[in-house]
Amino acid sequence: MATRHNACQNPSLSVSDAGWGDGGAGVPARTAVSDFPRAFAARFTDGASFHQTPVGAAVAGTTYTASLYIRSASLPIGSGVLYFRWMNAAMGDISFPSTAFTTSAGVVTRISITGVAPANTAFVRLILDGWSTTTNTTDMTAILYEASGSLADFFDGDTTPGGSWDGTTGLSASTLTSTVTGTASVVLGALVAAASGVRSVGGAAVVSLGALAGAAVGVRTVQGSAVASLPGPTAVAVGVRTVSGVAVGSLGGLTATGSGSAPAPSSAGGSWYGLLDIFREAAQIAADERSRPPVACPNDGQPLEHARGVLHCPYDGWIDDGSGW
């Protein structure tokens, strides 16, 4: 979330023309306009030697970019000058840095200036001169005084969404709060449960599910296409390890409470015979796994349905031809 601040105290004449043209500058008329960012503008027709915008608070040593929209009615402005008017807390003048600008007749133009507020600065205004409004009626509105080194989009308290007036509506500084929307990446922590808990991953995923330790019944399930590492069963236990869908990985151990005892190794073969028994048991388990009919589509992990004596996927048409996975 980002926040911007417009320091101008009457940027768009939405309520009145207060602050526009005071201090010896030309006096405008608040006028309804079109083609500007706002519905009202200060219209200057009195031929004053310069024109001044409303005040805004400023902080010494801060870089500001100030801008406004302007339109001269009948003639282009070929040698206009835009000034920062930096002032102290008593509204006394400090300095007047400037930049040149031009406009075309009848065309709304945005002009701007960037500079650092000098020492003792408390307020800022803009001054414009370089043409006569007696023969060239001029409209101005939509001021932005922003603590920034570059020009950004205009806003005031009437901007939607996110705009608000810091004080009196239309006659105060304003704030724009922007909310970022889009896709968020999140990390979901581990699920810790008793022996009867279920941990599931739905959809395509690369997952690593740790061992499930508990009593005699436990279920670990991956639904959908997944690359999984599930630690495998140890000891003698009643447990269920299920992968529904396409899985690449190893199934590691489910540690559970079991009954009975392991047979002692024969004196003829010692521990090697026990190891051979383990290999034979592992081979039998693998054969049982391969002979078990599939329960989910290998393409998309969706549960299979029975139709006319065969298993098939209702989504992509995959049919179990008896060859297994």
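The values are calculated or read from the model by the stated rules, or taken from the named source; none is laboratory data. What you see is a predicted model; the values in this text were computed from it and never measured. Reconstructed Cβ throughout: ideal geometry from the backbone, glycine too, with neighbour counts over all protein chains shown.
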### Task
Tell me, yes or no, whether the range 84-97 has at least one residue that is assigned by TED's automatic domain parsing to the domain that holds residue 35, surrounded by 18 or more Cβ atoms within 10 Å (Cβ to Cβ) and farther than 15 Å from residue 57 by Cβ.
no
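Taking the range 122-149 as the search range and keeping residues that are under 26 Å from residue 2 (Cα atoms) and polar (S, T, N, Q), which one is surrounded by the most Cβ atoms within 10 Å (Cβ to Cβ)? First the steps, then the outcome.
In the first step, residues of the range 122-149 are kept if they are under 26 Å from residue 2 (Cα atoms); the result is 122-125, 141-149.
With the extra rule that they be polar (S, T, N, Q), the set shrinks to 141, 148.
Values: 141: 29, 148: 16.
In this case the residue turns out to be 141.
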### Summary
Going through the range 41-88 in order, the residues found to be among the polar types (S, T, N, Q), farther than 17 Å from residue 101 by Cβ and at pLDDT 95 or above are 62, 63, 88
### Message
Out of 111, 94, I need the residue that is under 23 Å from residue 38 (Cβ atoms) and of a type outside the set (Lys, Arg). Which one?
### Response
111
### Query
Any residue in the range 15-23 that is within 19 Å of residue 153 (Cβ to Cβ) and within 37 Å of the chain's Cα centre (by Cα)?
no
## Note on the structure
When restricted to 80, 157, 115, the only residue over 19 Å from residue 51 (Cα atoms), touching a Phe, Trp or Tyr at 6+ places or on another chain (Cβ under 7 Å) and either in a strand (DSSP E or B) or outside the structural domain of residue 17 (by TED's automatic domain parsing) (or both) is 115
### Task
Consider residue 129 carefully, then state whether it is of a type in the set (D, E, K, R), assigned by TED's automatic domain parsing to the domain that holds residue 42 and at pLDDT 95 or above.
no
